[in-house]
Ligand SMILES: [Ca+2]
Ligand SMILES: [Ca+2]
Ligand SMILES: [Ca+2]
Ligand SMILES: [Ca+2]
């Protein structure tokens, strides 16, 4: 790693060159790579994560908060901090979250590298304004794409400013709620129709304007997105229109299996792994078999997989009764599509899928074209899919792109659970480790890949060395990990099952299928992706690497279907869903429950990123924190992330009694609309 001082100098030089070269960007001809390419992640996302702030700076932050609020510094504690570099302004800002242990109040303070107090949200806004002034409202990856194609037209997504959708009526739910799923569903149908009408009237004038320039367009149904193929001059013109939020590259996407890992390397015992003889090892490894024996099979739940490449054969006897949508898929059969389908719903007697009872939809795009993938995702949702699997993606250098914003919108507005493979870009595959887009999206569940070593014992489990892990600044992705190494699933030819290889592509459908099991257990959860995500994270107790609470490669841990089912049915755990707006009380108790001394407890809070937030790519529109309070009001555990749109606590109470799970509103710029909470208690 380069030390900060040296990097800052290097950066300053590159930055000056960048500005010189990119002034009047469209008229210039790019001879080389855009010079800012290596800084892509930091330019739009409001900063690269810097080195942690020094203890001196931490002390200064404590002193300032004490001074400004008339508090005793001895009662104050830094609970989280984050340093980020803002390249357009050539500044580094350190943010601190400070808790007053006596009152339970929390305070935020931000300092620049000269130890001056600054308004960090203002700095983030300025960064975006400066970027737009320099480069237009263009996705940095779009600028790179124009460079690579010699300024030829490329596929883009014109994303419009949007008020966040109709003020939808949210029905609060928890395990004992008398609200029926019929009420929730009719609420959703109404809200979705309202949203579609609103989006169409928002899109029509701009779509007509682009058509007027001589370009054909397509529009999305529930997202403020217009698809077109445009040259740089036209993009620059469109980006200057006030109604346009951003113009994104519409990338070409690839499947996220790792074909190089298909078979053991002969003679190299260090890398040799047995091929899973049966998919049922995965079933057992995550204990889905125990859930199946409770007759929870995903019955009555609609799932979908959106695929890059081709079809699933209609004559595979273990994959009957699928809904094959063939609009944009290749005419040939695909081992990737067929393998993913089997992981979700194979009916092979000894190679059962994780949710063999679901009604399942297959469709996608032969060539991984973004507009087609988004279009087919909407078609799947319209068909009724409630859990949607995305085992494909692309590297955007950690910049949130057109697909991230689209799927964040799908979760936010259409209340679907969306699951995405983390990518296979880690060192085992010779790459840098970036989580791929749309796995950077806040609201999807991003899944890493662990190797269960073909045993149900958990002690030998390891992360797959290809599984992507590198995060956007201040965030932690993936959320969870699932088995995805040396998988045996359904195939395209007789005998119809066999080795399909490895990759996060095969870990994601495990979690998609688990979502369907959760939704069968309680059908109200079909339209509460926040609760489904909270349940999956709270129950992911197979710690594969690093800290048990949350760590770099496995997130909250390896998934566990049995614990997830227990939490869903309210056995040694439970869940709640609530409406939530920026005007909700600063301290808001979601749930009170009895906890047991000496029994490990895990609580997860999730809320959606509002995709209409002006700083969408760099920070959540609401920064909520999670606290657990005992009967006397003392905080016994807390989680205070600055950038994640989830919080997780993992602790063991020292006394039995009633505890409160409290949401602390640290900041709220735009409503998240709702939140989900789930908790698990050791037996
Ligand atoms: Ca194992
Ligand atoms: Ca871990
Ligand atoms: Ca990570
Ligand atoms: Ca937070």
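Things to note:
- Scoring residue 545 on the criteria (1) within 16 Å of ligand 1 (Cβ to nearest atom); (2) outside any loop (DSSP other than H, G, I, E, B) leaves a single failure, condition (2).
- Condition check for residue 125: within 30 Å of residue 67 (Cα to Cα) and free of Cβ contacts under 8 Å to residues at least 60 places away in the same chain: no
- Restricting attention to the stretch 619-636, the residues that are in contact with a strand residue (DSSP E or B) (Cβ under 8 Å, 6 or more places away or on another chain) and surrounded by 20 or more Cβ atoms within 10 Å (Cβ to Cβ) total 9.
- Of residues in the stretch 472-483 being more than 14 Å from ligand 2 (Cβ to nearest atom) and within 18 Å of residue 537 (Cα to Cα), the one surrounded by the fewest Cβ atoms within 10 Å (Cβ to Cβ): 475
- Output for the stretch 53-97, where each listed residue is part of a strand (DSSP E or B) and more than 18 Å from residue 625 (Cβ to Cβ): 83, 84, 85, 86, 91, 92, 93, 94
- Verdict on residue 487 being away from ligand 1 (no atom under 16 Å from the Cβ), assigned by TED's automatic domain parsing to the domain that holds residue 387 and crowded, with 23+ Cβ neighbours inside 10 Å: no
- Considering (1) closer than 30 Å to residue 577 by Cβ; (2) within 16 Å of ligand 3 (Cβ to nearest atom); (3) touching a residue at least 24 places away in the same chain (Cβ under 8 Å), the lone condition that residue 546 does not fulfil carries the number (3).
- Residue list for the stretch 471-484, filter: away from ligand 1 (no atom under 16 Å from the Cβ) and within 18 Å of residue 508 (Cβ to Cβ): 471, 476, 477, 478, 479, 480
- In the stretch 668-682, the residues that are in a strand (DSSP E or B) and touching a helix residue (DSSP H, G or I) at 6+ places or on another chain (Cβ under 8 Å): 673, 674, 675, 676, 677, 678, 679, 680
- Criterion: surrounded by fewer than 16 Cβ atoms within 10 Å (Cβ to Cβ), at pLDDT 95 or above and assigned to a loop (DSSP other than H, G, I, E, B) - qualifying residue of 589, 658, 654: 654
- For the stretch 446-468, taking the residues that are in contact with a strand residue (DSSP E or B) (Cβ under 8 Å, 6 or more places away or on another chain) and away from ligand 2 (no atom under 16 Å from the Cβ), the one that is farthest from residue 530 (Cα to Cα) is identified as 453.
- Selection within the stretch 592-613 - part of a loop (DSSP other than H, G, I, E, B) and within 16 Å of ligand 2 (Cβ to nearest atom): 600
- Across the stretch 140-152, a minimum of one residue is classified as touching a helix residue (DSSP H, G or I) at 6+ places or on another chain (Cβ under 9 Å) and within 22 Å of residue 220 (Cβ to Cβ).
- In this structure, residue 502 does satisfy being crowded, with 24+ Cβ neighbours inside 10 Å, more than 19 Å from the chain's Cα centre (by Cα) and within 16 Å of ligand 1 (Cβ to nearest atom).
- Every condition in (1) touching a strand residue (DSSP E or B) at 6+ places or on another chain (Cβ under 7 Å); (2) within 30 Å of residue 405 (Cβ to Cβ); (3) crowded, with 18+ Cβ neighbours inside 10 Å is met by residue 112 except one, and the failing one is (3).
- Residue in the stretch 524-540 that is away from ligand 1 (no atom under 16 Å from the Cβ), over 20 Å from the mean Cα position of the chain (by Cα) and either crowded, with 24+ Cβ neighbours inside 10 Å or not in a helix (DSSP H, G or I) (or both) present: no
- Which listed residue, of 70, 80, 101, 75, is surrounded by fewer than 21 Cβ atoms within 10 Å (Cβ to Cβ) and either closer than 15 Å to residue 473 by Cβ or in the same structural domain as residue 627 (by TED's automatic domain parsing) (or both): 80
- Scan of the stretch 637-646 for residues that are assigned to a strand (DSSP E or B) and either surrounded by fewer than 18 Cβ atoms within 10 Å (Cβ to Cβ) or within 16 Å of ligand 2 (Cβ to nearest atom) (or both), ordered by number: 639, 646
For every residue, the table says whether it meets (1) outside the structural domain of residue 299 (by TED's automatic domain parsing); (2) in contact (Cβ under 8 Å) with a residue 60 or more places away in the chain; (3) within 16 Å of ligand 4 (Cβ to nearest atom); (4) within 24 Å of residue 286 (Cα to Cα).
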{"residue": "390", "(1), (2), (3), (4)": "no, yes, no, yes"}
{"residue": "399", "(1), (2), (3), (4)": "no, yes, no, no"}
{"residue": "405", "(1), (2), (3), (4)": "no, yes, no, no"}
{"residue": "410", "(1), (2), (3), (4)": "no, yes, no, no"}
{"residue": "432", "(1), (2), (3), (4)": "no, no, no, no"}
{"residue": "453", "(1), (2), (3), (4)": "no, yes, no, yes"}
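- Per the conditions (1) within 24 Å of residue 411 (Cα to Cα); (2) assigned by TED's automatic domain parsing to the domain that holds residue 662; (3) within 16 Å of ligand 2 (Cβ to nearest atom); (4) out of contact with any helix residue (DSSP H, G or I) (no Cβ under 7 Å at 6 or more places or on another chain), the sole criterion not satisfied by residue 557 is (2).
- Residue within the stretch 258-276 that is modelled with pLDDT of 95 or more and at positive phi present: no
- Residue in the stretch 573-586 that is surrounded by 22 or more Cβ atoms within 10 Å (Cβ to Cβ), within 16 Å of ligand 1 (Cβ to nearest atom) and under 21 Å from the mean Cα position of the chain (by Cα) present: no
- Search result, residues across the stretch 614-635 that are over 16 Å from the mean Cα position of the chain (by Cα) and either modelled with pLDDT under 95 or in a loop (DSSP other than H, G, I, E, B) (or both): 614, 615, 630, 631, 632, 633, 634
- Residue 565 meets the conditions (1) within 16 Å of ligand 1 (Cβ to nearest atom); (2) farther than 29 Å from residue 395 by Cα in every case but one. The failed one is (1).
The values are calculated or read from the model by the stated rules, or taken from the named source; none is laboratory data. Everything quoted here is computed from the prediction, not taken from an experiment. All Cβ positions, glycine included, derive from the backbone under ideal geometry; neighbour counts span all protein chains shown.
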